[in-house]
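Reviewing the structure listed below.
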Amino acid sequence: MTKQKKGPISEEIELGPVDNEEETLDTAIKKENTELVIYIGESLKNGKLEQFTVFNNGIPQFLAEDIEKCPAINSLILPISQLGESRRKLTIQGTMEHTLNSQITQYVRSEN
């Protein structure tokens, strides 16, 4: 290991080996797509997306238009490991989850 002096203060810093395993976009997408996620918001009309739907290979493309119109939908697609706590927060007024679900409710009601 190399020791270097830094700045005007005489303090030695030990530099360790550099970790070259950087996460690239490809590996991030692969990791994201292998984790189970669950939608906890209100169901959309016509059965397009039901509450508590689980996805294991990312979010399907057919939801892109709805997510673009109502980004709260994407915000309530969470890792399945967060289901218990997030589901509890859905019922508590003022929490982020409750607010996002209210936005989805307004979106569902506005859709013809």
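Taken together, the values in this text are just the output of simple stated rules run on the coordinates, not laboratory data. All of these numbers come straight from a predicted model, not from anything done at the bench.
How many percent of all Cα-Cα pairs in the stretch 34-75 sit more than 13 Å apart?
53
What are the residues whose amide H is under 5 Å from the amide H of Thr53, where those residues sit 5 or more places off or on another chain and H is modelled from the backbone?
So Thr53 has HN proximity to Tyr39.
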